[in-house]
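Take a look at the structure below.
The values are calculated or read from the model by the stated rules, or taken from the named source; none is laboratory data. Please read these numbers as outputs of a predicted model, since none were measured by experiment. Don't worry about glycine lacking a Cβ; one is built from the backbone with ideal geometry, like all the others, and counts go over all protein chains shown.
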Amino acid sequence: MKFIVLLFTVLLQRQTRKEGYERNRRWFKRLLSPFHFEQQSKTMQIMMYVGVVVLPCVALSALIERMDGLLGSFVSLLLQVALLLYILGRDNVSQKFKDYKNHWHNQDYQAAFYCARNFLSLEEQAQTSPYTLHTTVSKALIRAWFMRFFVFVFWYLLAGIGGAMFCLLSYWFYSESKIPWMKSVLDTMEWLPSRLLALSMSLAGDFNRSFSTVSKLWTDFQTNADQALGHTLETFNHQQEKGFDEAGAARTIDESNRLMLRCAILWLLVVAFLTIFAGF
């Protein structure tokens with residue numbers, strides 16, 4: 001069932017991509033608006049998190065689990081596809097990525113930076129060299145793939161649609177509340193999927209160069225997801241600031257994007273294999 005839901009969702013996502021799409025999260029903001037997190041004790045903050053995020057996701061999982069029979073299974077399939085499509089989003093990143101590459105090929109690096117900042121959430125920088133821009137965008141591109149696909153797919157495969165929704169609402173809860181301890185929750189939530197993605201990058205990319213770096217990440221509990229994926233990406237990047245090749249950098253960005261596509265296909269193949277041979 002999970003493979004079918006995931007496959008249908010990915011196909012629908014490709015067919016319904018929309019320029020400038022953003023998930024409607026106003027309902028969640030209104031839900032949290034009465035709370036003043038900074039004035040609450042840590043115990044009260046945890047209770048709010050459990051009440052607003054954890055319990056609804058557990059209830060959603062229980063509802064899906066109770067849907068049986070032919071009609072129930074069909075409704076469950078439709079509901080899971082709709083929710084997973086909402087969670088993954090329908091933003092057309094590919095078009096924005098093409099715009100970035102066009103600016104880069106025209107050597108308009110300032111325009112390339114602003115284009116990348118809009119769809120990769122880069123921080124404003126007073127002065128950006130082509131090498132710095134290339135390094136920043138490369139890592140931000142991997143992060144965008146992780147945040148828009150892999151982390152949600154991991155939690156869906158691990159805990160069903162309730163797990164994927166839990167992941168999304170946890171990000172939103174931290175975004176709205178800025179509670180310090182929530183950062184540790186997110187780091188914990190991202191630890192395993194980031195290592196699996198790093199391993200996938202190694203398998204789908206240059207295994208010999210990257211495996212040593214990736215293998216060390218599995219015993220490293222201090223390095224967060226961004227750093228883990230950044231370290232893995234660096235093993236594929238042969239560019240140095242001295243003698244930086246702009247044309248070669250453009251190819252490297254393309255290769256990074258294709259690497260993420262191969263990783264996504266690899267994950268789908270693994271899920272298909274587990275579904276066929278292990279009844280996943």
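Tallying residues that are within 30 Å of Phe8 (Cβ to Cβ) and surrounded by 15 or more Cβ atoms within 10 Å (Cβ to Cβ) within the range 26-55 yields 5. When you look at Ser138, is it surrounded by fewer than 18 Cβ atoms within 10 Å (Cβ to Cβ) and assigned to a helix (DSSP H, G or I), yes or no? No.
This table checks each residue for (1) out of contact with any Asp or Glu (no Cβ under 9 Å at 6 or more places or on another chain); (2) small (Gly, Ala, Ser); (3) at pLDDT 90 or above.
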position	(1), (2), (3)
Thr223	yes, no, yes
Gly230	yes, yes, yes
Asn237	yes, no, no
Gln240	yes, no, no
Phe244	yes, no, no
Ala247	yes, yes, no
Ile253	yes, no, no
Met260	yes, no, yes
Ile265	yes, no, yes
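Rundown of residues vs (1) within 26 Å of Thr9 (Cα to Cα); (2) touching a residue at least 60 places away in the same chain (Cβ under 8 Å); (3) surrounded by fewer than 19 Cβ atoms within 10 Å (Cβ to Cβ), yes/no style:
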{"residue": "Ile161", "(1), (2), (3)": "yes, yes, no"}
{"residue": "Met165", "(1), (2), (3)": "yes, yes, no"}
{"residue": "Phe173", "(1), (2), (3)": "yes, yes, no"}
{"residue": "Trp181", "(1), (2), (3)": "no, yes, yes"}
{"residue": "Leu197", "(1), (2), (3)": "yes, yes, no"}
{"residue": "Thr213", "(1), (2), (3)": "no, no, yes"}
{"residue": "Leu229", "(1), (2), (3)": "yes, yes, no"}
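From the list Leu157, Leu192, Leu169, Leu186, the lone residue that is part of a helix (DSSP H, G or I), touching a residue at least 60 places away in the same chain (Cβ under 8 Å) and closer than 22 Å to Val214 by Cβ is Leu157. From the list Ser170, Ser175, the one residue that fits, being within 15 Å of the chain's Cα centre (by Cα) and of a type outside the set (Phe, Trp, Tyr), is Ser170. Only residues that are modelled with pLDDT under 85 and part of a helix (DSSP H, G or I) were counted across the range 23-55, and they come to 3.
Across the range 1-22, not a single residue is classified as without any contact (Cβ under 8 Å) to a residue 40 or more places away in the chain, surrounded by fewer than 11 Cβ atoms within 10 Å (Cβ to Cβ) and not in a helix (DSSP H, G or I).
Each row is one residue, and each column tells you yes or no for (1) modelled with pLDDT of 95 or more; (2) of a type outside the set (Asp, Glu).
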{"site": "Glu123", "(1), (2)": "no, no"}
{"site": "Pro130", "(1), (2)": "no, yes"}
{"site": "Thr135", "(1), (2)": "no, yes"}
{"site": "Tyr171", "(1), (2)": "yes, yes"}
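The number of residues in the range 199-211 being in contact (Cβ under 8 Å) with a residue 60 or more places away in the chain and either among the polar types (S, T, N, Q) or out of contact with any Leu (no Cβ under 8 Å at 6 or more places or on another chain) (or both) comes to 1.
Considered as a group, the residues in the range 56-85 that are of a type outside the set (A, V, I, L, M) and touching a helix residue (DSSP H, G or I) at 6+ places or on another chain (Cβ under 6 Å) include one that is surrounded by the fewest Cβ atoms within 10 Å (Cβ to Cβ), and that residue is Ser61. The set of residues from the range 1-34 being closer than 20 Å to Asn118 by Cα and charged (D, E, K, R) comprises Arg17, Lys18, Glu19, Glu22, Arg23, Arg25. Within the range 87-110, the set of residues being modelled with pLDDT under 80 and of a type in the set (A, V, I, L, M, F, W, C) comprises Val93, Phe97, Trp104.
A single entry from Leu84, Leu79, Leu71 fulfils the requirement of being at pLDDT below 95 and either of a type in the set (A, V, I, L, M) or outside any helix (DSSP H, G or I) (or both): Leu71. Yes or no: Phe113 at negative phi, at pLDDT below 90 and in a helix (DSSP H, G or I)? Criteria met by Phe113. Annotation: Val58 fulfils all but one of (1) in contact with a Phe, Trp or Tyr (Cβ under 9 Å, 6 or more places away or on another chain); (2) free of Cβ contacts under 8 Å to residues at least 40 places away in the same chain; (3) closer than 30 Å to Met182 by Cβ; (4) not acidic (Asp, Glu); the unmet one is (2).
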